[in-house]
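Undergrad: Please see the structure below; I have some questions.
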Amino acid sequence: MRVTQVSNVSNRKFAVCPNVVENKNKTYINKNINPSDTVVFEGKLHLKQYNPAYRFCMKLFERSQIASRRRFSPPIAELKGKINEIQIPLTGRRKITAYDINPDNTDKYIIFFHGTSQNISNCQQIYNEFLKSKYAVLAPEYSGFGKNKTRMADEYTLEEDIAGSIRYLKKKKIKPANIGIVGHSLGGFAATRVAEEIPQASFLILISPVNTLSYEVDNIVNNKKFKIPKLFQYIYKHYPRILNPLEKIFKTEERISKTRVPLYIIHSANDNLIPVKSSKALALKSKSLRELVILDSGGHRLDESKLKTIHEILNKI
């Protein structure tokens, strides 16, 4: 396993995928969102309403999806006239919104999955980075996020989104070997699932990826920077097994051990949302790891230092 510790990177805060409190001057707010008109998270294991872990996760995902439907970024200068917003058919009559960005009509694609509290319009700088490396971009929006219709979000809906995106590329006759896969945060799980379905893919890049949901909730609960309800803190302290059911949800660690697609992982040492130990654990499970890059700064954001690292990786592939 190759571990690259990167120091002396730029400390400028260049938020590529802004969260709900950043870059207010670069986004517009959709005020026609009813906070109660949202989806709830259940995952593969349907947890009981009285389980505090369920209620806690439900709130996290509820806020994430509301945020994703409120903040949309206008086209950046480099992508004006290049973004083709499409509808990808799923099962039945359902569809999801996606960006197909291919100004040079290339047959090489990167499929990108964003993190929580975001939508596909918030990640345009990384799309531009992909274009610089001569790749087209397919950026699917998760069901219940962004402009998509409100629906219950769980691992099943994510599987449908992934399957629809793969069918779309197959219909365009894109060869598996010409497909790269990139995921940020929660998108790391989706990216790993695509790598399972396309074992001939060129590469898999995970940026600050999630591990299991229980792993990440445990990180949040034990992080003093987050305001966790005292009742949940008390219950978790005395009954830590309440997180056990969450181990079955978004289990990236289990998935990553099965893929043979060349893997690159990027993480910042000062990430307070998903600590770097998450990526280190995933790296140890992988049988196809090429490099684990640990940056000094950048936090959880897709900042300039991560963009530079992605550019370097793409140039090596």
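The values are calculated or read from the model by the stated rules, or taken from the named source; none is laboratory data. Nothing here was measured: the structure is a model prediction, and the numbers come from that model. Virtual Cβ from ideal backbone geometry, glycine too; neighbours counted across all protein chains shown.
Undergrad: Please verify whether region 294-317 includes one or more residues that are among the basic types (Lys, Arg), modelled with pLDDT under 65 and surrounded by fewer than 17 Cβ atoms within 10 Å (Cβ to Cβ).
TA: No - not one qualifying residue is present in region 294-317.
Undergrad: Give the residue, chosen from Lys134, Lys108, that is among the charged types (D, E, K, R) and surrounded by fewer than 18 Cβ atoms within 10 Å (Cβ to Cβ).
TA: Just a single option satisfies the conditions, and that option is Lys134.
Undergrad: Out of region 87-102, which residues are surrounded by fewer than 18 Cβ atoms within 10 Å (Cβ to Cβ) and in contact with a helix residue (DSSP H, G or I) (Cβ under 7 Å, 6 or more places away or on another chain)?
TA: Of everything in region 87-102, those that are surrounded by fewer than 18 Cβ atoms within 10 Å (Cβ to Cβ) and in contact with a helix residue (DSSP H, G or I) (Cβ under 7 Å, 6 or more places away or on another chain) turn out to be Pro89, Leu90, Thr91.
Undergrad: A further question on this structure: Kindly provide the set of residues from region 250-270 that are in contact with a strand residue (DSSP E or B) (Cβ under 9 Å, 6 or more places away or on another chain) and surrounded by fewer than 21 Cβ atoms within 10 Å (Cβ to Cβ), ordered by number.
TA: Once the filter is applied, which keeps residues that are in contact with a strand residue (DSSP E or B) (Cβ under 9 Å, 6 or more places away or on another chain) and surrounded by fewer than 21 Cβ atoms within 10 Å (Cβ to Cβ), region 250-270 yields Pro262, Ala269, Asn270.
Undergrad: Search region 137-157 for residues being in contact with a strand residue (DSSP E or B) (Cβ under 9 Å, 6 or more places away or on another chain) and over 18 Å from Ile86 (Cα atoms), and hand back the single one that is surrounded by the fewest Cβ atoms within 10 Å (Cβ to Cβ).
TA: Met152
Undergrad: For the structure I just gave you, tell me whether Ser286 is more than 13 Å from Ile207 (Cα to Cα) and in contact with a Leu (Cβ under 7 Å, 6 or more places away or on another chain). Spell out the reasoning first.
TA: Working: more than 13 Å from Ile207 (Cα to Cα): yes; in contact with a Leu (Cβ under 7 Å, 6 or more places away or on another chain): yes.
Yes; evaluated as a whole, the condition is true for this residue.
Undergrad: In region 65-83, how many are without any contact (Cβ under 8 Å) to a residue 60 or more places away in the chain and either of a type in the set (Ser, Thr, Tyr) or assigned to a strand (DSSP E or B) (or both)?
TA: Counting residues in region 65-83 that are without any contact (Cβ under 8 Å) to a residue 60 or more places away in the chain and either of a type in the set (Ser, Thr, Tyr) or assigned to a strand (DSSP E or B) (or both) gives 3.
Undergrad: Do we have Ser279 as over 27 Å from Glu159 (Cα atoms), surrounded by 20 or more Cβ atoms within 10 Å (Cβ to Cβ) and at pLDDT 90 or above here?
TA: Judged against the criteria, Ser279 is not a match.
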